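Below you'll find the structure, written out as structure tokens, and then a few comments.
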């Protein structure tokens, strides 16, 4: 194929045996380069993950942003992913469980998904790092102006579901809470008006400041 110069268009020679991509290389060569690029990307992601485990990167970047980026990089090709931003928060007290933290998220991007994994990233403001956190779906609508409306829709509600979710501590006060897949399913189908978390003797950060607001990372099967 003749070289390209500014102001001149050279029609590439294309045959049925050697189809070209838009960049002017054969499909076989394009696929080979793509495979090499994906393999290199995974190697770099694993190197960053090991560096994080050794505490060598956290001083320079936001820990939750890096954790999310690495999660995205390490997801298999057979999966689709989404990040759910928080859109409402609240607090209330239940006599039998103490202070409850409420979070609602924007679920539009996962409607109809078959979720296989979900992680909540939330910042621990004060108190000890828990091994597990009780998390419940919320069956009644609530708002930031009226969080008490959620009181009858969680934990003790017979239609609500809850689980004691495993917690992984991250540097700079972040926690990764392993949600049950059905929790994200309920958010996506709008069967749950957010999630309720039993704080215990600790404080979880809300939506402000923005760089400390909670997110949910969702992984689902390709449709």
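Which of the residues belonging to region 86-108 are touching a residue at least 60 places away in the same chain (Cβ under 8 Å) and either over 21 Å from residue 150 (Cα atoms) or surrounded by fewer than 14 Cβ atoms within 10 Å (Cβ to Cβ) (or both)?
96, 98
Return yes when residue 160 is in contact with a helix residue (DSSP H, G or I) (Cβ under 8 Å, 6 or more places away or on another chain), free of Cβ contacts under 8 Å to residues at least 60 places away in the same chain and farther than 20 Å from residue 114 by Cβ and no when it is not.
The answer is yes for residue 160.
Among 195, 212, 170, 204, which is buried (at least 17 other Cβ atoms within 10 Å of the Cβ), modelled with pLDDT of 95 or more and touching a strand residue (DSSP E or B) at 6+ places or on another chain (Cβ under 8 Å)?
After applying the criteria, what remains is 195.
Within region 209-223, count every residue that is under 14 Å from residue 86 (Cβ atoms) and within 18 Å of the chain's Cα centre (by Cα).
9
Go through (1) in contact with a helix residue (DSSP H, G or I) (Cβ under 7 Å, 6 or more places away or on another chain); (2) at positive phi for residue 188 and report which single condition fails.
(2)
Check region 177-197 and report whether any residue there is over 19 Å from residue 107 (Cα atoms) and in contact (Cβ under 8 Å) with a residue 24 or more places away in the chain.
no
The values are calculated or read from the model by the stated rules, or taken from the named source; none is laboratory data. Every value quoted in this text rests on a predicted model; they were computed, and no experiment measured them. Here Cβ is always computed from backbone atoms with ideal geometry, including for glycine, and neighbour counts include all displayed protein chains.
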